[in-house]
Amino acid sequence: MTRDVSKPLLFETAWEVANKVGGIYTVLRTKAPVTVHEYGDRYTMIGPLNMRTAPVEVEQLEPTEPALRDTLNEMRNAGVNFLYGRWLIEGAPKVLLFDIGSVSNRLNEWKADIWSVAGIPSPPDDRETNDAVLLGFLVAWFLEEMTRREKNTAIIAHFHEWLAGVGLVLARKRALDVCTIFTTHATLLGRYLCAGSVDFYNNLRNFDVDHEAGKRGIYHRYCLERAATHCADVFTTVSHITAYEAEHLLKRKPDGVLPNGLNVVKFSAVHEFQNLHALAKEKINDFVRGHFYGHYDFDLDNTLYFFTAGRYEYSNKGIDMYLESLARLNHHLKESGSKTTVVAFVITPAATHSFSVETLKGHAVIKQLHETVAEIQAKIGKRLFEQAARGIEPSGADLLSEEEKVLLKRRVFALKRSTLPPIVTHNMSDDSKDPVLGQLRRLQMFNHPSDRVKVVFHPEFLNANNPVLSVDYEEFVRGCHLGVFPSYYEPWGYTPAECTVMGVPSVTTNLSGFGCFMEDNIEKPQDYGIYIVDRRLKSADESISQLASQMFDFCRKTRRQRINQRNRTERLSDLLDWKRMGLEYVKARQLALRRAFPDSFHDDLDDAENEALRKVPRPLSVPGSPHVRGTDDPLAYQMGELDLGPRTDDEDEDDRVSISLKSGDVLGSRDEDDEE
């Protein structure tokens with residue numbers, strides 16, 4: 001049957017539609033505006049109904065399209081409950097959320113069906129797999145009814161991750177007249193293997209995948225993921241490092257890469273994001289004064305804030321390498337006689353009981369001191385005004401009364417303590433077995449006065465209601481100077497991407513999707529505040545030394561140099577905008593339509609890979625490289641030809657030349673100068 005491919009319907013299925021679980025929620029939420037702009041009401045997102053979040057995130061509507069309305073009415077009459085409406089986010093996409101509990105009585109029947117048609121096992125005690133089966137059969141049911149009613153328009157069904165994969169497998173086995181796309185954001189087996197401390201990338205070609213999946217008790221999930229991979233018309237991943245991984249673990253080479261983007265909000269003047277940095281940094285300063293009370297003997301104007309954040313995957317997220325590198329950085333700063341202090345944060349959720357008494361006490365005494373000083377300040381101001389009004393030249397000795405001197409002494413004495421500042425803000429549930437605390441103790445990083453690197457482990461995600469560090473995560477990132485994410489397994493990496501969009505330099509690795517993307521698109525990433533640690537070809541010790549050296553070089557920058565670097569970093573945010581990244585999704589959907597309906601296309605598909613593209617060059621003021629890397633690297637990803645005018649570390653911002661694209665677009669120029 002010939003279908004109209006000019007205006008297809010798009011149904012995008014994922015477990016995290018209006019249901020925040022992990023990073024895919026961010027992908028779907030931030031990508032929605034560009035997809036709605038392209039498809040309008042022809043775009044519908046499908047997922048499970050979460051009664052805790054959906055009622056406040058989704059505005060219920062009645063479907064108006066005849067085919068959709070009749071399909072949903074038939075499913076409702078068959079006992080299927082669902083919520084149809086608009087997701088209350090930017091773009092307001094239509095969503096269809098199925099209540100999988102309403103069809104749980106058919107679970108065993110459907111599990112037998114998936115075994116008979118696809119040979120995929122599903123044990124009884126795996127709730128995630130059971131939920132995936134229920135959602136998958138509902139989606140396949142929906143698509144089957146839609147194709148029966150909508151006979152003229154092409155239908156694209158896009159599935160994210162293995163939890164949505166059952167519907168794709170069934171669509172293929174039932175020969176539904178839809179074109180399908182499957183995107184894996186991280187392979188199941190890859191996550192489990194890396195968590196098991198194996199030499200993952202060097203042995204990727206040699207793993208017995210069936211044996212490894214069975215040994216870890218995920219064989220049924222692996223079968224589902226692999227089946228979805230091979231049943232899809234188009235198979236994609238989120239980065240080339242994941243594409244390389246998927247080719248060996250899922251046994252199919254991806255047809256394309258769909259990098260994750262963000263909705264970039266550009267300020268009308270460049271100094272606005274610099275002002276936000278200064279405001280957020282002052283809030284972090286308040287925390288530091290309280291946390292290090294009694295040992296607050298360093299200059300905050302010469303203090304840098306480093307941080308790492310994310311899930312508590314100690315090795316996968318590179319927390320172990322971060323802490324080891326901080327110890328070496330501490331040694332380098334001491335040996336060089338540097339006056340710079342680094343306060344390094346670890347923000348990751350762990351099991352805790354409550355905030356520690358020392359943490360709360362520190363912030364209480366600092367707050368008390370602040371209130372006392374403010375009260376005395378007001379009194380001094382009044383005395384000063386009265387004396388000047390009477391024609392008396394004020395004397396400094398007369399400004400503070402004896403009572404106020406005593407009160408100030410009491411507040412200062414309250415700041416004294418004999419113990420060192422704590423390295424953790426909470427009482428941990430299992431202090432002795434916590435890997436972060438264990439490594440900090442082994443490295444003897446106890447926030448001693450002689451240490452140039454101080455460490456704060458905050459085992460809880462940040463929010464503005466936090467009684468100690470009262471900032472949201474975004475505000476905290478803006479206030480820091482450097483984000484450090486030396487991940488070993490990171491299919492994409494939203495944390496360094498978020499830093500880039502906010503103009504905060506970051507450290508990533510060439511084993512993360514983000515790191516590979518930046519390395520392949522920028523000639524000299526570190527000149528733009530993107531430091532890339534080599535964890536692919538270097539030993540662990542060499543990678544740690546490289547990271548410590550990068551942080552040490554950052555510490556030696558002047559304030560002026562850091563300001564200029566942040567401006568450069570922020571300018572790269574256009575590379576990560578969904579307006580640009582979303583083009584890869586457009587290509588994937590076009591490829592799926594061409595494969596499913598080849599007779600509807602008469603022109604040849606443009607081979608974008610044959611087009612010669614160049615990286616973003618480093619500033620021309622930096623000595624040129626005699627070698628420009630080509631595209632022989634199997635992980636290479638090239639986006640467009642970009643050009644950047646001359647820059648130096650200490651140049652004026654009004655000399656800045658905009659980044660121009662081969663297409664003629666301009667990433668943006670800035671004319672303002674800023675203060676840190």
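The values are calculated or read from the model by the stated rules, or taken from the named source; none is laboratory data. Quick caveat: nothing in here was measured; it's all calculated off a predicted structure. For neighbour counting, all protein chains shown are included, and Cβ atoms are generated from backbone atoms with ideal geometry for every residue, glycine included.
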Failed condition for Ala344, given (1) closer than 20 Å to Thr495 by Cα; (2) in the same structural domain as Lys409 (by TED's automatic domain parsing), with all others met? (2)
Does Ser338 satisfy being polar (S, T, N, Q), closer than 28 Å to Lys538 by Cβ and either over 24 Å from the mean Cα position of the chain (by Cα) or modelled with pLDDT of 95 or more (or both)? yes
Being of a type in the set (Phe, Trp, Tyr), within 25 Å of Val365 (Cβ to Cβ) and surrounded by 21 or more Cβ atoms within 10 Å (Cβ to Cβ) narrows Tyr322, Tyr305, Tyr296 down to just Tyr305
With respect to Val5, is the statement that it is assigned to a helix (DSSP H, G or I) and either assigned by TED's automatic domain parsing to the domain that holds Leu134 or over 21 Å from Ala228 (Cα atoms) (or both) true? no
Helices (runs of 4 or more DSSP H) completely within segment 428-510 that count 1 or more residues being in contact (Cβ under 8 Å) with a residue 24 or more places away in the chain, farther than 23 Å from Gly196 by Cα and touching a His at 6+ places or on another chain (Cβ under 9 Å): 473-479
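Let's see how each residue does on (1) under 15 Å from the mean Cα position of the chain (by Cα); (2) closer than 27 Å to Thr183 by Cβ; (3) hydroxyl-bearing (Ser, Thr, Tyr):
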| position | (1), (2), (3) |
| --- | --- |
| Glu460 | no, no, no |
| Pro467 | no, no, no |
| Gly479 | no, no, no |
| Thr495 | yes, yes, yes |
| Gly503 | yes, no, no |
| Phe514 | yes, yes, no |
| Glu519 | no, yes, no |
Which residue, of Arg311, Arg383, Arg289, is of a type outside the set (Ser, Thr, Tyr), in contact (Cβ under 8 Å) with a residue 12 or more places away in the chain and crowded, with 16+ Cβ neighbours inside 10 Å? Arg289
Could you tell me whether Gly79 is touching a residue at least 40 places away in the same chain (Cβ under 8 Å), exposed (fewer than 14 other Cβ atoms within 10 Å of the Cβ) and small (Gly, Ala, Ser)? no
Mind checking whether some residue in segment 269-280 is within 30 Å of Arg410 (Cβ to Cβ) and either buried (at least 22 other Cβ atoms within 10 Å of the Cβ) or in contact with a Phe, Trp or Tyr (Cβ under 7 Å, 6 or more places away or on another chain) (or both)? no
Pull up segment 42-54, narrow it to residues that are modelled with pLDDT of 95 or more and outside any strand (DSSP E or B), then point me to the one that is farthest from His160 (Cα to Cα). Arg42
Exactly one condition in (1) free of Cβ contacts under 8 Å to residues at least 24 places away in the same chain; (2) touching a helix residue (DSSP H, G or I) at 6+ places or on another chain (Cβ under 9 Å) is not met by Asp208; state its number. (2)
May I ask you to list the residues in segment 188-224 that are closer than 30 Å to Ser116 by Cβ and among the basic types (Lys, Arg)? Arg191, Lys215, Arg216, Arg221
When you go through (1) closer than 22 Å to Arg595 by Cα; (2) surrounded by fewer than 24 Cβ atoms within 10 Å (Cβ to Cβ) one by one for Gly165, which number turns out not to apply? (2)
Meets criteria (more than 24 Å from the chain's Cα centre (by Cα), free of Cβ contacts under 8 Å to residues at least 60 places away in the same chain and on the phi > 0 side of the Ramachandran plot) for Ala140: no
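Residues checked against (1) within 19 Å of Ala14 (Cα to Cα); (2) in contact with a helix residue (DSSP H, G or I) (Cβ under 7 Å, 6 or more places away or on another chain):
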{"site": "Asp113", "(1), (2)": "no, no"}
{"site": "Phe137", "(1), (2)": "yes, yes"}
{"site": "Lys151", "(1), (2)": "no, no"}
{"site": "Trp162", "(1), (2)": "yes, yes"}
{"site": "Leu168", "(1), (2)": "yes, yes"}
{"site": "Lys173", "(1), (2)": "no, yes"}
